[in-house]
Amino acid sequence: MERTDTADGPSKVMSMREAVAAFVHDGSTVSLEGFTHLVPTAAGHEIIRQGRRDLTVVRMTADIVVDQMLAAGCVSRLVSSFVGNSSAGSLGELRRRIERADPEPLAFEEYSHYGMVCRYLAGSQRLPFYPLRSYGGSDLPSVNSALRRMTSPYPGPDGGPEQIYVVPPVNPDVTIIHAQRADRRGNTQIWGLTGIQAEAVYAADKAIVVVEEIVGDEVVRSDPNRTLVPSHAVDAVVVCPRGAHPSFAQGYYDRDNDFYRAWSHISKDPERLRAWLAEWVYGTADHAAYVAKQGEEFWAGLAVGEALSEPVNYGRRL
């Protein structure tokens, strides 16, 4: 465990194995966030390797990493607003669990995307609920009793009483996100496509940030507006290059579309799925071994060129 302190505070750098062992326990509620971009796949794989059980997984866009964690027996409850293989097909294990309770049932709590955003907002602000109008006319309340209707304490648009829906907060035991970079104290910078990462971190009791690289304090300070998650909200920083694969990290590597297309065929066959897990997750000691097994030619095919952002002048006192 690396604990070299900086001039501005203690280092929070840990290995992935250490961070998962410290903060993800059997029965935990675990948020894994990243919207198409920066999916914390390597963290999901380490949870599988450590054999965690009976997890409640909260993920707005439940995708391949959730399918893999289900197949490994880690998850008993899923809270999500979308399930699917990111426009490239289906999730075989998830469908078997929900449609046929095969090999066992999965408790599934469904919301809309905005409903999940509101749950994270309520959780991060420690509110008892969050109001929204978008469930009016929807059939989601008929399948999710947590969507409650109440009378607004204020007049509606027509001046009379208004019935609105509210959603409960979500407060995970631990939130895990992937990001491009952070300093050793956990000031975390993200650019490109973002989701609900900051709110998911603030809603949780503990937070693990997985990054492509650690940078010096001066790099973070030179571009402070990219800091989506500040150090005081972070409990562990894990350095894990290429840890979002098969999703992408803007400026580091591209999306592996071939893998997304292949996953539908892998996951629809339980034996083939178990063989994939045996080779690529259980058969690799950690994500570095997973990366090495792919080979440099493979990673060269996902390489990206430069698209630099112009520096800005923040100014300083003379």
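The values are calculated or read from the model by the stated rules, or taken from the named source; none is laboratory data. Treat the numbers as computed from the prediction; the structure is a model and nothing was measured. So basically every Cβ, Gly included, is an ideal-geometry build from the backbone, and we count neighbours across all protein chains shown. These accessible areas exclude ligands, DNA and RNA; they are computed on the full protein's heavy atoms, side chains included. Shrake-Rupley method; radii C 1.70, N 1.55, O 1.52, S 1.80 Å.
Just a few scattered comments:
- Matching residues, the range 128-145, being of a type in the set (A, V, I, L, M) and surrounded by 14 or more Cβ atoms within 10 Å (Cβ to Cβ): Leu132, Leu140
- Among the candidates Val39, Val65, the residue that is of a type outside the set (Phe, Trp, Tyr), surrounded by 23 or more Cβ atoms within 10 Å (Cβ to Cβ), in a loop (DSSP other than H, G, I, E, B) and touching a Ser or Thr at 6+ places or on another chain (Cβ under 6 Å) is uniquely Val39.
- Residues that are touching a Gly at 6+ places or on another chain (Cβ under 7 Å) and open to solvent by 10 Å² or more (accessible area, probe 1.4 Å) were ranked within the range 171-190; the one that is farthest from Glu310 (Cα to Cα) is Asn171.
- Subset tally (residues that are more than 27 Å from the chain's Cα centre (by Cα) and not in a loop (DSSP other than H, G, I, E, B)) for the range 133-157: 4
- Selection within the range 1-36 - assigned to a strand (DSSP E or B) and either open to solvent by 50 Å² or more (accessible area, probe 1.4 Å) or modelled with pLDDT under 95 (or both): Thr6, Gly9
- Residue in the range 265-272 that is within 25 Å of Gln180 (Cα to Cα), modelled with pLDDT of 95 or more, of a type in the set (A, V, I, L, M) and touching a helix residue (DSSP H, G or I) at 6+ places or on another chain (Cβ under 8 Å) present: no
- Flag for Gly160 being out of contact with any strand residue (DSSP E or B) (no Cβ under 7 Å at 6 or more places or on another chain), surrounded by fewer than 24 Cβ atoms within 10 Å (Cβ to Cβ) and part of a loop (DSSP other than H, G, I, E, B): yes
- Answer residue from the range 42-62, given it is in contact with a strand residue (DSSP E or B) (Cβ under 6 Å, 6 or more places away or on another chain) and open to solvent by less than 40 Å² (accessible area, probe 1.4 Å) and is farthest from Pro169 (Cα to Cα) among those: Ala43
- Here Val312 passes the criteria (1) modelled with pLDDT of 95 or more; (2) open to solvent by 70 Å² or more (accessible area, probe 1.4 Å); (3) of a type in the set (Val, Ile, Thr) except the one numbered (1).
- One residue stands out in the range 72-113 among those that are at pLDDT below 95 and part of a strand (DSSP E or B): the one that is least open to solvent (accessible area, probe 1.4 Å), namely Val83.
- Residue under evaluation Thr227, criteria (1) more than 18 Å from Ser11 (Cβ to Cβ); (2) touching a residue at least 12 places away in the same chain (Cβ under 8 Å), criterion not met: (1)
- Sole exception among (1) out of contact with any Lys or Arg (no Cβ under 7 Å at 6 or more places or on another chain); (2) open to solvent by less than 50 Å² (accessible area, probe 1.4 Å) for Ser231, by number: (1)
- Subset of the range 194-233 [of a type in the set (Lys, Arg) and either farther than 17 Å from His178 by Cα or part of a helix (DSSP H, G or I) (or both)]: Arg221, Arg226
- Of the candidates Ser112, Ser124, Ser86, the single residue that is among the small types (Gly, Ala, Ser) and out of contact with any Phe, Trp or Tyr (no Cβ under 7 Å at 6 or more places or on another chain) is Ser112.
- Comparison of Arg133, Arg77 shows that the only residue that is more than 30 Å from Ala278 (Cα to Cα), in contact with a strand residue (DSSP E or B) (Cβ under 8 Å, 6 or more places away or on another chain) and not β-branched (Val, Ile, Thr) is Arg133.
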